[in-house]
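Read the structure below first, then the notes.
The values are calculated or read from the model by the stated rules, or taken from the named source; none is laboratory data. A quick note: this is a predicted structure, and the numbers were derived from the prediction, not measured. Because the Cβ atoms are built from the backbone with ideal geometry, glycine has one as well, and the counts that use them run over all protein chains shown. These area figures cover heavy atoms from the full protein model, side chains too; ligands, DNA and RNA do not enter into them. Shrake-Rupley method; radii C 1.70, N 1.55, O 1.52, S 1.80 Å.
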Amino acid sequence: MIDFSAYGVHTPEVYAHKCPSCGKLFYPAPMICSDCGERRDPSGIIFKDWDTISLSGECTLLAWTRVYALPEGYEMQYLLFGIVEFPNGLRASGRLKVDQPDTGMKLNATVEIMDNSKGKEFDGFVFELMV
Amino acid sequence: MREVSIVGIGHTVFGNLSDFDLVDVMGFASGNALDDAGIREEREIIEQVFVANMGGGILNHQTGIASSLVSRMDMEPAMAELIENGPASGASAVKMGYMAIASGMVDVVMVTGGELMRTVTGWEGTDFVASLLHPEAEYNYGLTLPAYGGMFTRMYMERYGLTERDLGLVAVKDHQNGEKNPYAHVRVPCTIDAIHDNENAHVINNYIAEPLRMYGMCPVSDGAASLILCANDSPKMKYFTKEKPILISGIGSATDTHCVHNRKDPLILDAVRLAAERAYAMAELKPADISFAELHDAFVILELAISEEIGFFPRGKAAEAVRNGVTAIDGAKPVNTSGGLKSKGHPVGATGVSQVFELVKQLREQGEEGRQVKNPKHGMAVNFGGFGNNVVAIICSKGEE
Ligand SMILES: [Zn+2]
């Protein structure tokens with residue numbers, strides 16, 4: 001994979017957060033560790049912020065839906081959404097780009113820059129077939 | 001704790017009220033509750049007002065709604081606060097009313113819930129409710145409550161063998177009740193032939209969030225409901241002789257993870273079960289003691305899942321109960337006698353208050369022809385906030401004869 005960051009181009013990423021005390025992984029980021037009570041300081045001023053781990057790759061589809069009620073301005077007839085589980089046990093919701101989804105199928109989680117319904121850009125998951 | 005009873009109930013029609021002002025709609029329901037309680041002239045005895053509303057600030061560009069309602073109803077200087085707990089704001093406000101009285105701080109409370117959602121487009125309304133999801137991990141993607149309703153439905157179908165026809169039967173039953181409820185939003189009859197069995201059924205009953213169809217989802221509604229609460233031991237009870245007081249015998253609520261994906265088993269609605277367990281414990285009742293229930297069927301699957309989670313049926317067995325007519329108005333365990341959110345409508349801030357309104361109406365045996373539960377003793381309401389991350393359960397009881 002080409003490292004676009006060297007060219008000042010934003011590489012889309014979704015991060016899991018790792019508790020510095022006990023190592024438990026979280027997605028999305030909590031403000032306190034559910035296992036050991038360690039607190040997180042997103043500003044990094046009072047406590048050092050937690051380490052992050054890029055989350056993508058192989059995952060399993062747990063649930064999915066095809067939604068037809070879409071915001072005005074969307075060209076497509078429907079959008080697919082799914083919930084997946086990664087091998088490290090973390091789960092995530094995201095967009096699904098698979099024509100015939102099937103619960104339990106193996107997928108590949110990639111991260112793309114996308115727009116939310118207010119037109120704001122964010123880095124989000126797209127779950128696709130394994131290549 | 002002091003015992004608290006409901007001594008007045010009021011409701012507006014649910015439907016499209018977008019030409020009206022939010023506080024006027026709430027005020028009309030409140031006035032109906034004052035009249036039902038027989039205290040229109042003595043309304044100064046109300047010491048505290050709780051208003052349930054989720055989106056006045058966003059949908060109607062109105063804030064300070066509780067103070068506004070008090071003034072519009074000429075009820076100053078009653079204390080007033082707004083309670084927001086998403087689509088469970090209504091039952092939360094009833095809970096706050098109960099707590100204010102049980103604590104001994106006040107004797108008489110008015111609880112009014114209302115919402116005007118049809119002032120915006122259908123998508124904007126859905127997007128507004130979706131703002132309760134996790135901003136980064138859920139909402140950003142365009143995920144909505146119907147999307148989670150669809151995913152939950154599919155998981156349930158795959159695990160328990162539930163069919164689309166079963167889901168249709170829930171809607172048919174809800175519409176049978178709602179058709180007879182003068183306050184319901186969608187009072188058209190609905191048959192299993194029209195929405196499922198007929199070869200053209202899927203034209204009118206199209207997919208919204210697979211496998212949830214149009215008739216698996218509640219409409220977007222406007223409306224308000226209101227209750228007057230009084231301490232059983234208060235001298236002010238003397239004002240309330242018009243109707244028999246109905247006891248609030250149990251209240252429980254509980255929260256669950258914000259992100260649906262973070263639940264160990266996303267089909268298990270912990271907050272529903274815990275809210276119900278707390279309400280049963282307080283009322284010293286068991287699921288078998290409950291005569292009928294109002295369950296938050298924003299999606300018909302939720303009526304089934306909630307009825308299992310609160311102990312009415314074993315897991316995966318609620319559909320069988322629906323097929324056998326157990327939850328019909330003349331069944332052993334009538335559910336959503338008002339028509340539920342499905343037929344009556346779901347003005348989010350009003351819903352929990354409206355559910356308790358229905359419990360009182362049934363327990364007073366004032367249900368319309370064909371919509372009255374036979375000899376009810378205890379009714380239960382479950383108001384479901386978020387996708388199950390904040391749930392309130394309330395049990396009302398007829399009390400001694
Ligand atoms: Zn930890």
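Has the range A:72-90 got at least one residue that is in contact with a strand residue (DSSP E or B) (Cβ under 8 Å, 6 or more places away or on another chain), of a type in the set (Gly, Ala, Ser) and touching a residue at least 60 places away in the same chain (Cβ under 8 Å)? Scanning the range A:72-90 turns up at least one residue that is in contact with a strand residue (DSSP E or B) (Cβ under 8 Å, 6 or more places away or on another chain), of a type in the set (Gly, Ala, Ser) and touching a residue at least 60 places away in the same chain (Cβ under 8 Å). Every test in (1) within 16 Å of the ligand (Cβ to nearest atom); (2) away from chain B (no Cβ under 12 Å) is passed by A:THR110 save one, and that test is (1). Selection of the range B:351-372 for residues being in a loop (DSSP other than H, G, I, E, B) and open to solvent by less than 10 Å² (accessible area, probe 1.4 Å) yields only B:ARG371. If you check B:ALA171, B:ALA209, B:ALA184, B:ALA194, which single one turns out to be within 10 Å of chain A (Cβ to nearest Cβ) and not polar (S, T, N, Q)? Result of the check over B:ALA171, B:ALA209, B:ALA184, B:ALA194: B:ALA209. Of the helices (runs of 4 or more DSSP H) lying entirely inside the range B:258-333, those carrying at least 3 residues that are surrounded by fewer than 22 Cβ atoms within 10 Å (Cβ to Cβ), in contact (Cβ under 8 Å) with a residue 12 or more places away in the chain and away from chain A (no Cβ under 14 Å) are B:270-283.
Only a single item in (1) open to solvent by 70 Å² or more (accessible area, probe 1.4 Å); (2) over 22 Å from B:GLU210 (Cβ atoms); (3) more than 9 Å from chain B (Cβ to nearest Cβ) is not met by A:GLU75, and it is number (2). Selection within the range A:9-25: residues that are within 14 Å of another protein chain (Cβ to nearest Cβ) and within 12 Å of the ligand (Cβ to nearest atom). The member of this set that is surrounded by the most Cβ atoms within 10 Å (Cβ to Cβ) is A:HIS17. Filtering A:LEU129, A:LEU90, A:LEU80, A:LEU62 for residues that are within 11 Å of another protein chain (Cβ to nearest Cβ), hydrophobic (A, V, I, L, M, F, W, C), open to solvent by 40 Å² or more (accessible area, probe 1.4 Å) and under 17 Å from the mean Cα position of the chain (by Cα) leaves a single hit, A:LEU62. Scanning the range A:35-59 for residues that are surrounded by fewer than 12 Cβ atoms within 10 Å (Cβ to Cβ) and modelled with pLDDT under 95 returns A:PRO42, A:SER43, A:GLY44, A:ILE45, A:ILE46, A:LYS48.
Yes/no per residue for (1) open to solvent by 10 Å² or more (accessible area, probe 1.4 Å); (2) closer than 22 Å to B:GLY15 by Cα; (3) assigned to a strand (DSSP E or B):
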| site | (1), (2), (3) |
| --- | --- |
| B:SER343 | no, yes, no |
| B:GLY349 | no, yes, no |
| B:ALA381 | no, yes, yes |
| B:CYS396 | no, no, yes |
| B:GLY399 | yes, no, no |
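Cβ separations smaller than 8 Å between residues 6+ apart or across chains give the following pairs from the range A:35-52 residues that are closer than 8 Å to A:PRO20 by Cβ and within 15 Å of the ligand (Cβ to nearest atom) to residues that are open to solvent by less than 70 Å² (accessible area, probe 1.4 Å) and outside any loop (DSSP other than H, G, I, E, B): A:TRP50/A:HIS17; A:ASP51/A:HIS17.
Here is the figure for the range B:13-37: residues that are part of a helix (DSSP H, G or I) and over 16 Å from B:VAL49 (Cβ atoms) total 2.
Quick check on the range B:81-90. Is at least one of its residues over 19 Å from the mean Cα position of the chain (by Cα) and either open to solvent by 30 Å² or more (accessible area, probe 1.4 Å) or over 23 Å from B:PHE128 (Cα atoms) (or both)? Taking every residue of the range B:81-90 in turn, at least one turns out to be over 19 Å from the mean Cα position of the chain (by Cα) and either open to solvent by 30 Å² or more (accessible area, probe 1.4 Å) or over 23 Å from B:PHE128 (Cα atoms) (or both).
Of the set (1) within 14 Å of the ligand (Cβ to nearest atom); (2) within 14 Å of chain B (Cβ to nearest Cβ); (3) not charged (D, E, K, R), all apply to A:PRO28 but (1).
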